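Values in this text are rule-based calculations from the coordinates and carry no lab data. Treat the numbers as computed from the prediction; the structure is a model and nothing was measured. Ideal geometry is used to build each Cβ from the backbone, glycine not excepted, and the neighbour counts take in all protein chains shown.
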Amino acid sequence: MDIAVNILLTIATAATPLLVAAIGELVVERSGVLNLGVEGMMIMGAVAGFGASYLTGSPWAGLLAAMVVGALFSLLFAVMTLSLATNQVATGLSLTLLGLGLSGMMGTGFVGLPGERLPYLYIPFLSDLPVVGKLLFGQDPVFYISIALTAAVAWFLFRTRAGLTLRSIGDSHTSAHALGIKVIRYRYLAVLFGGACAGLAGGQLSLVYTPQWVENMSAGRGWIALALVVFASWRPWRVFAGAYIFGMIWIGQLHVQAIDLQQFAGAPWLLYKVMELLKSLPSQYLAMLPYLATIVVLVLISRNKRLTMMNTPASLGQPFVPDR
Amino acid sequence: MKKLLIALMTTAAGVSLAANAEAADKLKACWVYVGPIGDFGYSYQHDQGRLEAQKELGDKIETAYLENVAEGPDADRAFERLARENCKMIFGTSFGFMDSMVKVAKKFPKVMFEHATGYKTADNLGVYNARFYEGRYVMGQIAAKVSKKGVAGYIVSFPIPEVVMGIDAFMLGAQSVNPNFKLKIVWVNSWFDPGKEADAAKALFDQGADIITQHTDSTAALQVAEERGLHGFGQSSDMIKFAPKAQLTANTDNWGPYYVKRIKEALDGTWKPDNVWLGIKDGAVELSPFTNMPDDVKAMAEATKKKIADGWNPFTGPVAKQDGSAWLKDGEVADDATLLGLNFYVKGIDDKLPQ
């Protein structure tokens with residue numbers, strides 16, 4: 001049982017940064033803005049989080065700094081694309097490149113320093129319960145934030161007036177503008193929210209996942225988050241499912257590599273055969289599995305074309321200049 | 001997508017040149033790194049070597065470096081740029097720089113080139129490499145002594161000879177202590193992704209290993225060992241700060257002495273291209289202090305280290321291949337050419353080598 005709990009905890013840690021960054025980007029894209037700078041904002045959050053935690057001695061200050069810096073960094077994108085109406089794809093890409101380089105420069109002094117981990121939640125009695133204790137009441141704070149964030153965004157987008165307005169801007173900014181909605185202001189807020197989320201995801205990397213700073217430590221997670229948003233057809237709970245399916249198979253394939261086939265000698269025939277098949281696959285194929293499986297599952301659950309079209313922000317990526 | 005981005009990045013902005021003040025009478029030595037010097041691993045260690053040379057030779061030389069240089073056409077330009085900027089001696093530190101260096105060395109016959117881990121030489125191009133497997137053998141012995149379950153986890157990146165050499169040497173070391181020692185191998189298909197390395201370490205521990213070693217570049221796996229109260233080894237750099245209770249030793253690259261020696265030769269005018277494979281004996285492979293282990297294990301590790309420094313090769317027979325067929329006869333030593341192309345496991349390893 002212990003091993004199952006450990007595996008689930010590992011999966012949650014691996015899925016959380018993807019989920020947080022993807023939820024932020026989902027809101028941005030729902031407002032009709034495509035920000036490809038997730039990776040850059042994430043890595044800026046990671047360096048800021050580690051730096052602030054190291055300098056102040058408090059990982060909580062680090063977490064806050066990660067969010068603030070992520071949001072500030074996205075402000076750069078917002079000014080360029082929203083106020084100056086530059087191309088969103090190009091601006092987003094350069095935001096990623098800038099972030100990767102800038103974070104490396106800012107982090108020079110932090111290389112090779114062990115960091116402090118954000119404390120795990122501990123509630124007397126509850127956290128000590130077998131199995132569920134650790135899973136429900138003993139994880140790191142970012143895990144709880146990520147779940148709350150998913151629920152809050154789902155509620156905001158589909159149950160509030162402001163959410164409806166945001167979605168309508170994403171579908172047709174000209175109509176929204178004609179109705180007197182402040183398109184640019186909404187989009188600014190959405191982009192800032194996305195930046196804070198990406199920064200938080202980066203903070204999770206350098207304060208929870210692996211408490212340290214090294215250059216390029218986000219290692220492409222921002223891109224996976226971006227892809228999740230699309231495959232989840234812009235639905236918050238599907239993003240959640242995607243992030244956890246990805247994490248599950250990713251961790252699962254590591255376990256398959258480490259497993260001893262003899263342990264399954266007495267297992268049911270089918271299970272044994274499946275394990276044998278997985279064990280015989282070259283590790284490169286196993287490494288592909290999380291990506292493949294996530295795409296397949298998300299494509300399957302969004303098979304309904306009409307529903308997918310309804311969920312796709314129609315003016316995604318198009319610059320908007322009021323009164324044109 | 002990611003590759004494309006990295007290529008774009010190095011072209012557009014990632015290349016940074018440090019220290020370009022020029023003095024006519026000083027020898028200018030330059031380095032080209034494949035990764036960021038902030039990786040606290042492979043490129044970091046090369047840069048430590050550069051700093052050591054600078055400190056040792058003081059005002060007789062000046063140094064400069066380019067980091068994050070992608071292998072391929074970008075590397076051509078990086079080497080050419082350094083050669084034009086008056087670098088008299090250029091060290092390229094990644095295997096993939098090989099053809100760029102051969103090309104640029106031909107264009108600049110007066111510049112001295114040194115390539116790490118490659119095999120092509122020229123009149124002004126030498127190669128150097130380190131026998132990392134020597135340290136891995138010692139680590140294998142320590143692992144077999146310290147492990148209570150007799151199972152170690154091994155996180156690896158890509159199936160290239162250098163990595164296979166390390167796995168085999170580690171296993172031979174472990175088997176010399178405990179013939180039934182088990183090794184669980186996990187391929188993460190990346191040199192550098194702290195998150196994935198941490199996940200792999202957790203998986204290996206959950207699957208019964210109680211010692212971890214890795215041929216990837218970050219400290220993540222060792223941090224997991226520290227958190228779980230188990231043991232592990234550092235890689236490339238001494239990582240004791242990250243795992244004061246978990247690190248047994250670290251297999252570190254120490255390029256400083258070699259760089260100092262070669263630059264001195266260049267200053268004296270005695271530099272000649274060479275092809276060297278340095279080991280513990282030359283100080284290029286260093287094991288950081290043996291910690292967190294009983295004294296008898298420490299004594300054994302020291303003795304083995306000395307034996308290797310005195311010229312003994314861990315790949316000395318009898319050694320059988322994974323399928324049981326004979327590889328090295330009793331007393332036979334593997335030659336360097338075989339080792340540099342090693343693509344099979346030794347007996348006792350339960351894993352399929354991805355080809």
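Brief remarks follow.
- Out-of-range pairs (alpha-carbon distance over 29 Å; input B:LYS272/B:LYS321; B:LYS26/B:LYS103; A:LYS273/A:LYS305; B:LYS148/B:LYS305; B:LYS264/B:LYS298): B:LYS272/B:LYS321; A:LYS273/A:LYS305; B:LYS264/B:LYS298
- Percent antiparallel among DSSP beta bridges (both partners in the protein assembly as shown, rounded to 5): 20 percent
- The Cα center of region B:206-258 and the Cα center of region B:26-83 differ in position by 26 Å.
- Put in order of Cβ neighbour count within 10 Å, fewest first, the listed residues A:MET217, B:MET293 become B:MET293, A:MET217.
- Computed from the Kirkwood radius of its Cα pairs, the Stokes-Einstein diffusion coefficient for region B:65-224 at 4 °C and 1.567 mPa s stands at 74 µm²/s.
- With the gyration tensor restricted to C-alpha atoms of region A:2-311, the semi-axes of the equivalent ellipsoid amount to 34, 25, 19 Å, longest first.
- Phi angles across region A:257-272 convert, under the Karplus curve 6.51 cos²θ - 1.76 cosθ + 1.60 with θ = phi - 60°, into 3J(HN,Hα) values of 5, 8, 6, 9, 4, 4, 4, 9, 4, x, 6, x, 3, 4, 4, 4 Hz, Gly and Pro given as x.
- Trypsin sites (Lys or Arg not before Pro) within region B:49-90, DSSP loop, no more than 11 other Cβ atoms inside 10 Å: none
- P(r) tail for region A:257-313: Cα pairs beyond 17 Å make up 58% of the total.
- Directionally averaged projected area (convex hull, Cα atoms, the protein assembly as shown), nm²: 33.3 nm²
- By the rule of a second cysteine Cβ within less than 4.7 angstrom, the protein assembly as shown holds isolated cysteines at A:CYS197.
- Column: log10 I(q)/I(0), Debye, Cα scatterers of chain B, q = 0.07, 0.11 Å⁻¹: -0.31, -0.75
- Flagged links, alpha-carbon separation over 21 Å, of B:LYS145/B:LYS182; B:LYS55/B:LYS307; A:LYS134/A:LYS279: B:LYS55/B:LYS307; A:LYS134/A:LYS279
- In chain B, the DSSP beta bridges split such that about 20 percent are antiparallel, to the nearest 5.
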